[in-house]
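Before any comments, here is the structure.
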Amino acid sequence: MKKGNIGVTTENIFPVIKKFLYSDHEIFLREMVSNAVDATQKLKTLTAQGDFKGELGDLTVKVSVDKENGTLTISDRGIGMTAEEIEKYINQIAFSGVNDFLDKYKDNANAIIGHFGLGFYSAFMVSKKVEIVTKSYTEGAQAVRWSCDGSPAFELEEVEKADRGSDIILHIDEDCKEFLEKARIESLLNKYCKFLPVPVAFGKKTEWKDGKQVDTEEDNVINNVEPLWTKTPSTLKDEDYKSFYRTLYPMQDEPLFWIHLNVDYPFNLTGILYFPRINNNIDIQRNKIQLYCNQVFVTDQVEGIVPDFLTLLHGVIDSPDIPLNVSRSYLQSDANVKKISTYITKKVADRLQSIFKEDRKAYEEKWDNLKIFINYGMLSQEDFYDRAKDFALLKDTEGKYFTYEEYKTLIKDNQTDKDGNLVYLYANDAEEEYSYIEAAKNKGYNVLLLDGQLDSPMVSMLEQKLEKSRFTRVDSDIVDRLIVKDDVKKDELSEQERDNMSQVFQSQMPKLDHAEFMVNIEALGADQQPVMITQSEYMRRMKEMSKFQPGMSFYQQMPDSYTLILNSEHPLLKQILEDTAKACDDALKPIESELKGLEARLAALRQTQSGKKPEEITQEEKDDVSNTEKSISEQKNKKNSIIADYAKDNKVVHQLIDLALLQNGMLKGAALNAFLKRSVEIIGK
């Protein structure tokens, strides 16, 4: 028997492995099984080259738990090791700069294993003692046993072993007993080893016999040694891809389509990416891409490898050029990873482009599901926008689809304003904004339906990308002002009439939470609606954008801004104005007369003071202005009160306001009930 110390210049290696790898200690099993698979693959290579002429036989890697003795064993029939090879590969931990090892890697658990080939030593994260019983494939080889209790001290002795290969026996630590549970090992093997290229067996398959599950003679192989991404696409059918998708994601709906990746220059990469059906929720779909290295599972946290917008996809990427132990900082700086990200973006864009060209109808049918991927990509990645702008679609309220260029051609003749801007009209909800959409259609305009999760930031981006273009929601103004082609027609009301009409309606507007109303009077023609409500495009857009940009959150606190537009040329409005004059003129005349006198006095006082410096104006003069302003305010309040008293009993005014609110889904509860009762009364007259 030989005894000695493992060749490291610090005795801290084992505590470091235990401490810093502990958060990810389950990966020890991946490392052990991967090593066994590597040893098996090497034997197959030697056979192919003619360097090993013995029988390969059953090459299954076997994992077994002995709960009673507290051991977990990983056995293979690969190339095995001689005593000399154990000295070389196990006892000499091959890394440089040992002295600064702890300082350099103390915060990066994965780098310890990944950078220094310490995969085997991850066994000590969960074991109080590790044994290797191994026999080399070489003729006449002597089997040996190596053992170590987690200190640098080891023992190496000759033993008897009938077969080539290695048994790694882990004596599981007291605080890691979970790794002696069958269900726990089964789940880890399923997670990390599901697609390894050599059969991996864990126990025996079971069958139902005499009222209970019993073991059979057949090994319970947990992996598929030839997963779909390793096969040639031309040999596969659609059902193969769908079946593999069901294997990866048993609870998911059938995917829209997929992309089979296969590249060997300037790096190696294979994989299959699936476009899932999206239920309009970005976050819930993330982390569905599984990253493999030579069929060994690495992670499903693929940010940094896959462009952010493609983390919404599902599937598998396998590349030997990505290290098994991926740390986030390593990924972000790795040149190969950046190339892979660029390549995947290009492949996805090429695939979408080809589907669009080959079968436009099928592509349009998928668009509502695809839209969120493509919009997210265009918003987050400039180079993807440049590729996608030719196959990104716009959908109108009639369900027709257009490319950006096609839509521009469709609307340019009829939807260009007097300043030469192309106006894209849109609705977010075809039902709620129905009457506005119909009004726009009656003018010969086309209206887009932008009801997607990312349409608000898309609108802002497209306004920057598309030359002389702006997007306007159909309910943001009256139809004649959505696309202004001529100077706006002025109404013929006097200033006093305008004030009175505004006050009639302003005084009766309901107090709604998070809403404020302005009143505007427009001459829209006798055949147009008497009263309409529009919503400020700017404020609404800012509030929508604030959902995506935390720095704009103050917009969420601001009330929604609406405008009540009164059509001064409609007969009902003319009648209301006439009735207001009849009911209120006698009371208003002395107030109007007083107001004219006060306003003339205020104008004269301001004129007198305008030529003086502030310090030259006396306190008496300042008080005179202040008192006059106060008197004007009092007279206006009197006037408004008289008009409001009249308006509160005018059923036509309330009916018109409620109709406008109802059209915008803003009439609810008691107000809606009052409207219904009033409607019945009016009909009954």
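The values are calculated or read from the model by the stated rules, or taken from the named source; none is laboratory data. The structure displayed is predicted, hence computed values, not measured ones. Every residue, glycine among them, receives a Cβ derived from its backbone with ideal geometry; neighbour counts consider all protein chains shown. Accessible surface areas use protein heavy atoms only, side chains included; no ligands, DNA or RNA. Shrake-Rupley method; radii C 1.70, N 1.55, O 1.52, S 1.80 Å.
Positive end of the charge dipole of the chain (Lys, Arg +1 and Asp, Glu -1 on Cβ, about the Cα centre): tell me which of Thr580, Met461, Asn220 has its Cα farthest that way. With unit charges placed on the Cβ atoms, the residue in question is Asn220.
Atom-type composition of the exposed protein surface of the chain places 47 percent of the accessible area on carbon and sulfur (1.4 angstrom probe). With the simple model of a label 7 Å out from the Cα in the direction of the Cβ, Asp383 to Thr232 spans 3.1 nm.
Basic side chains Lys and Arg get +1 at the Cβ, acidic Asp and Glu get -1 at the Cβ, and with that the dipole of the chain about its Cα centre reaches some 320 debye.
Per-residue Karplus couplings for the range 657-672, computed as 6.51 cos²θ - 1.76 cosθ + 1.60 with θ equal to phi - 60°, are listed in order as 4, 5, 4, 5, 5, 4, 4, 9, x, 10, 9, 9, x, 4, 5, 5 Hz, Gly and Pro entered as x.
Around the Cα centre of the range 378-473, unit charges on the Cβ atoms of Lys, Arg, Asp and Glu (plus for the first two, minus for the last two) sum to a dipole of about 300 debye. Qualifying GluC sites (Glu not before Pro) in the range 140-243, where qualification requires a DSSP coil assignment and no more than 11 other C-beta atoms within 10 Å, comprise Glu160.
Which pairs in the list Lys338/Lys389; Lys490/Lys574; Lys574/Lys668; Lys44/Lys237; Lys88/Lys128; Lys441/Lys465 are over 19 Å apart, alpha-carbon to alpha-carbon?
Lys338/Lys389; Lys574/Lys668; Lys44/Lys237; Lys88/Lys128; Lys441/Lys465
Under 13 Å from the Cβ of Val200, count the other residues' Cβ atoms, weight Lys and Arg +1, Asp and Glu -1, and hand me the total. Charge balance near Val200 sits at 0.
Which GluC sites (Glu not before Pro) in the range 390-436 pass both tests, a DSSP loop state and at most 12 other beta-carbon atoms within 10 Å? Counting only loop positions with at most 12 other Cβ atoms within 10 Å, the GluC sites (Glu not before Pro) in the range 390-436 are Glu398, Glu431. By its C-alpha gyration tensor, with a ≥ b ≥ c as the square roots of the eigenvalues, how is the range 569-677 shaped: rounded for a/c under 1.5, else prolate for a/b larger than b/c, else oblate? The shape class here is prolate. Computed 3J(HN,Hα) for the range 126-131, one whole-Hz value per residue from the Karplus formula 6.51 cos²θ - 1.76 cosθ + 1.60 where θ = phi - 60°, is 10, 10, 8, 8, 10, 10, glycine and proline marked x. Taking all Cα pairs closer than 8 Å and separated by 6 or more residues, the relative contact order of the chain comes to 8 percent.
For the chain, the equivalent ellipsoid derived from the alpha-carbon gyration tensor has semi-axes of 78, 30, 24 Å in decreasing order. If R0 equals 56 Å, the separation of the Cβ atoms of Asn627 and Val652 corresponds to a calculated FRET efficiency of about 0.90. Taking 0.36 nm per residue of sequence separation and removing the Cα-Cα distance, the Met461/Asp210 pair yields an extension gain of 83.6 nm. Working ranking of peptides 189-195, 621-627 by packing, defined as the average number of other Cβ atoms within 10 Å per residue, highest first, is 189-195, 621-627. Using θ = phi - 60° in the Karplus curve 6.51 cos²θ - 1.76 cosθ + 1.60, the 3J(HN,Hα) couplings for the range 420-430 round to x, 8, 7, 9, 8, 8, 8, 10, 9, 9, 5 Hz; x is entered for Gly and Pro. Tell me the angle of helix 182-192 to the major Cα principal axis of the chain, expressed in degrees between 0 and 90 and rounded to the nearest ten. Helix 182-192 sits roughly 70 degrees off the main axis of the chain. Modelled label positions at Asp149 and Arg470, each set 7 Å beyond Cα in the direction of Cβ, lie 8.2 nm from each other. If the segment from Ala183 to Glu55 were pulled out straight at 0.36 nm per residue, it would be longer than the present Cα-Cα gap by 42.7 nm.
With a Förster radius of 22 Å applied to the beta-carbon distance between Asp419 and Lys490, the computed FRET efficiency rounds to 0.65. Once the chain from Met558 to Ala362 is taken as fully extended at 0.36 nm per residue, the excess over their C-alpha distance is 66.2 nm.
For Ile682 and Asp579, a Förster radius of 25 Å and the Cβ-Cβ distance give a FRET efficiency of 0.95, rounded to the nearest 0.05.
In this simple spin-label approximation, Lys668 and Glu438 carry label points 7 Å from Cα along the Cα→Cβ vector, and these lie 2.4 nm apart. For the range 444-475, backbone nitrogen atoms closer than 13 Å to the point 7 Å from Lys412 Cα along Cα-to-C-beta are found at 467-469. Pull up all non-local amide H partners of Tyr426: gap of 5 or more, or a different chain, and H-to-H distance under 5 Å with H placed in the peptide plane. When sequence neighbours closer than 5 places are left aside, the close amide H contacts are Leu448, Thr472, Arg473, Val474.
Take the chain with all the other protein chains still there, run a 1.4 Å probe, and you get 50 Å² of accessible area per residue.
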